[in-house]
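For reference, the structure discussed in these notes is given below.
The values are calculated or read from the model by the stated rules, or taken from the named source; none is laboratory data. If you're wondering where the values come from, they're calculated on a predicted model, not measured in any experiment. Note that we place each Cβ from the backbone using ideal geometry, even for glycine, and neighbour counts take in every protein chain shown. For accessibility, only protein heavy atoms count, side chains too; no ligands or nucleic acids. Shrake-Rupley method; radii C 1.70, N 1.55, O 1.52, S 1.80 Å.
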There are 2 protein chains.
Amino acid sequence: MERIVVLAGGIGGARFLRGLKAAVPDADVTVVGNTGDDIHLFGLKVCPDLDTVMYTLGGGINEEQGWGRADESFTVKEELAAYGVGPEWFGLGDRDFATHIVRTQMMSAGYPLSAVTEALCARWQPGVRLLPMTDDRVETHVLIDTAELDESPGNGAGGGSGHGPGGGPGGDRRKAVHFQEYWVRLRASVEAHAVVPVGAESAKPAPGVLDAIADADVILFPPSNPVVSVGTILAVPGIREAIADAGVPVVGLSPIVGDAPVHGMADKVLSAIGVESTAAAVAQHYGSGLLDGWLVDTVDAGSAQAVEDAGIRCRAVPLMMNGTEATAQMAREALALAEEVGA
Amino acid sequence: MERIVVLAGGIGGARFLRGLKAAVPDADVTVVGNTGDDIHLFGLKVCPDLDTVMYTLGGGINEEQGWGRADESFTVKEELAAYGVGPEWFGLGDRDFATHIVRTQMMSAGYPLSAVTEALCARWQPGVRLLPMTDDRVETHVLIDTAELDESPGNGAGGGSGHGPGGGPGGDRRKAVHFQEYWVRLRASVEAHAVVPVGAESAKPAPGVLDAIADADVILFPPSNPVVSVGTILAVPGIREAIADAGVPVVGLSPIVGDAPVHGMADKVLSAIGVESTAAAVAQHYGSGLLDGWLVDTVDAGSAQAVEDAGIRCRAVPLMMNGTEATAQMAREALALAEEVGA
């Protein structure tokens, strides 16, 4: 039985995993989930990416929006608003709240996130082993320029306009916000000047993560955000090294198709780390020290040579996750490329 | 403006307070609420009596059951059950959950219960100043005989039947359960051998409690449970003494009408402290050192003399809280008796 390790963020990772399970139902799949976008809301520990994977594979996901629970209601949220307790920009539903209540209760009782995740999965039976990247607290923060908040969102001009306190060239108007605030509240409408996985440098991989990587037959990077999803997982010391040292094929799928993210706003955070929003640039960012193979969409076939020139085997195949069968075919292509580079 | 202090439990206290507000809408009412039946459920701090007062006076109560929110749904509870997380015997609704989430978040941030209660009341505007009896943790526990749980509930025979571990005469089958477990899960179906307000002896009255008592013109004991509601409040060192020293009329209303509690199961816990379930016995239990006046129901008019003989002025008036007007009339009778004993 093939042992596959997948580094997953939220929606893109979860949908890819559903395709992977359909493609190779008997494979032994371990998912290393991003926890950098975890957030405490209303005193509760919320793990958006882990939950998106769990709900998607467990049949509880809201299919249209890609996150949150199906058949959801918002009574608790309305009541919290009636108490004047925010934030109101994060849409937790009643069913979702129960997950966070159970998680928080277990963590308050002393269980690490990995044990809590396993307990939650006992209900959802996702058909994969879902591990948080770490049991330690890591929070992805985004450095923004508050002056831009006053201007029309998204114009990117930023700083230097002279108003606001201080008046230095943007330096003292910089503010770090939680990734969720940047992503959900601000909808990535201002420039991300830096993306910092706070706490990552001292985090340890969760129990099982390094073993799963060492024992893997193949390691996959789904079309998740290369900065705030896969990048954050790789920022946990030991994980990048374990992947590089595993001696097995490492194949990724581009989240960028035709110079734009398939889902989400990956381009906003790619610019923060100085990476172009192209399929080839993302592969080059990961680099041949990490990646053996890279799938780009057929519309980006022209960039395959640039990826190959960087020492990464590249194939152009359809990468739009339109339904489970199309996604399963992407997974098959990734596994075929893994076999090819591993031969 | 008359300053009234009321020591209140849950349903009985809350309904009486609604009548009191109707009777003297301009009075300055401070409610000292019982917190001995507070409980942590699902990691959240639940204060049943404070919430019952707050919801009842704030217009959010489920009128039929007397506790919990009107127009309630139970999605969170169903989801918790789907996770296998209990207890299932405590019926928290979605709207109610929001209250406990806000409370727990504030307490985790370091706010005392009194400050949290004030914040919650900013929404509900109960028209009274609602104070918890203490900011310290007090939990009413009930000592039961586990052997009785195996027999038909409520037969009260208990112990000595020889089965079960140990075999001593009941002694090692005694178990302390949280009051809510005794009241809600077991429905007081086994004998209460003792009622212990754990933590009360080292608790301090919450800020404002002693001042309100010292400044009161009249102090009322509504028809709340004399053991686990009013009794628990009086168990906080300093409160009983402050009431006795206030030098103002202290008038109570019997929660027992015709030898049975009007609401709830007060008889079950009265027997644990060796007090008969009669209107007169409860007055004698409080005693003339605390009580100046006592209202019994007209059906108990025959017991008024026994109360008077104990040094407590007694009147027999209708004590069934059938609607706000009947309850307002009870409040008027209590205030009239206070005026009489204070003259």
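Comparing A:Ala206, A:Ala316, A:Ala81 in a Gaussian network model of chain A, where Cα atoms under 10 Å apart are tied by springs, the biggest mean-square fluctuation is seen for A:Ala81. Within the set A:Lys21/A:Lys204; A:Lys77/A:Lys175; B:Lys45/B:Lys175; A:Lys45/A:Lys175; A:Lys45/B:Lys204; B:Lys77/B:Lys204, which residue pairs have Cα atoms separated by over 30 Å? A:Lys45/B:Lys204; B:Lys77/B:Lys204, as the Cα separations exceed 30 Å there. Ligands, DNA and RNA excluded, the heavy atoms of A:Glu276 present near 130 Å² of accessible surface to a 1.4 Å solvent probe.
For region A:251-342, carbon and sulfur atoms together expose 48% of the accessible surface, with a 1.4 angstrom probe and every protein chain in place. Based on Cα contacts under 8 Å between residues 6+ apart, region A:23-87 shows a relative contact order of 20 percent. By its C-alpha gyration tensor, with a ≥ b ≥ c as the square roots of the eigenvalues, how is chain A shaped: rounded for a/c under 1.5, else prolate for a/b larger than b/c, else oblate? Taking the square roots of the gyration eigenvalues as a ≥ b ≥ c, chain A is oblate. Calculate I(q)/I(0) for the protein assembly as shown by the Debye formula, one identical point scatterer on each C-alpha and no solvent, and give its log10 at q = 0.06 Å⁻¹ to two decimals. Ignoring solvent entirely, the Cα scatterers give -0.48. Over chain B, dividing the summed -39,500 (n - 2.57) contributions of all DSSP H runs of at least 4 residues by the number of residues returns a 222 nm mean residue ellipticity of -10500 deg cm²/dmol.
Across chain A, Cα pairs under 8 Å and at least six residues apart give a relative contact order of 19 percent. Distances between equivalent label points of A:Pro318 across the copies, with each point positioned 7 Å along Cα→Cβ, amount to 7.8 nm, shortest listed first.
Distance between the modelled labels on B:Arg3 and A:Asp211, one decimal in nanometres: 6.6 nm (7 Å Cα→Cβ projection). Buried on complex formation within region B:76-116 (loss of at least 40 square angstrom of accessible surface versus the isolated chain, 1.4 Å probe, ligands and nucleic acids ignored): B:Val76, B:Glu79, B:Tyr83, B:Arg95, B:Ala98, B:Ile101, B:Val102, B:Gln105.
Chain A has one residue whose beta-carbon comes closest to the axis relating it to chain B; that residue and its distance in whole Å are A:Asp94, 3. In this assembly of identical copies, the label point of A:Arg187 (Cα plus 7 Å along Cα-to-Cβ) is separated from its counterparts by 5.3 nm, sorted shortest first. Here the label points at B:Ala336 and A:His263, each 7 Å from Cα along the C-beta direction, are separated by 7.2 nm in the simple model.
Determine the shape class of region B:13-159: with a ≥ b ≥ c the square roots of the Cα gyration tensor eigenvalues, call it rounded for a/c under 1.5, and otherwise prolate if a/b is greater than b/c, oblate otherwise. Prolate is the answer for region B:13-159, as a/c is 1.5 or above and a/b outweighs b/c.
Extension gain, A:Glu325 to A:Ala194, is 43.5 nm, computed as 0.36 nm per intervening residue step minus the present C-alpha separation.
The Cα center of region A:23-68 and the Cα center of region B:180-245 differ in position by 46 Å.
Taking 7 Å steps out from each Cα toward its Cβ at B:His40 and A:Glu241 produces label points 3.8 nm apart.
Name all residues of region B:305-343 having a backbone nitrogen under 11 Å from the label point set 7 Å from the Cα of B:Ser288 along its Cα→Cβ direction, giving them as ranges. From region B:305-343, the list is B:307-313. Solvent-accessible surface of protein heavy atoms, probed at 1.4 angstrom with all chains present, puts A:Trp183, B:Trp294 in the order A:Trp183, B:Trp294, largest first.
With label points defined 7 Å past Cα in the direction of Cβ, position B:Gly342 shows copy-to-copy spacings of 8.6 nm, given to one decimal and shortest first. Evaluating kT/(6 pi eta Rh) at 10 °C and 1.306 mPa s, with the Kirkwood radius of region B:60-122 over Cα pairs in the Stokes-Einstein relation, gives 122 µm² s⁻¹.
Using every pair of distinct Cα positions in region A:1-90, the Kirkwood expression returns a hydrodynamic radius of 14.5 angstrom. Protein heavy-atom accessible surface, 1.4 Å probe, per residue over the protein assembly as shown: 38 Å². Potential lengthening of the chain between A:Glu64 and A:Gln125 amounts to 19.8 nm, from the contour at 0.36 nm per residue minus the alpha-carbon distance.
In terms of its alpha-carbon gyration tensor, region B:190-343 comes out oblate; a/c meets the 1.5 threshold, while b/c is at least as large as a/b. What aspartates and glutamates sit close enough to A:Lys268 to cross-link, taking a C-alpha to C-alpha distance under 15 Å and skipping anything fewer than 8 places away on the same chain? Counting by Cα, and skipping residues close in sequence, A:Lys268 has these aspartates and glutamates nearby: A:Asp145, A:Glu148, A:Glu181, A:Glu191, A:Asp259, A:Glu276. Take the accessible area of B alone and of A alone, subtract that of the pair with a 1.4 Å probe, and the total buried over both chains is about 2200 Å².
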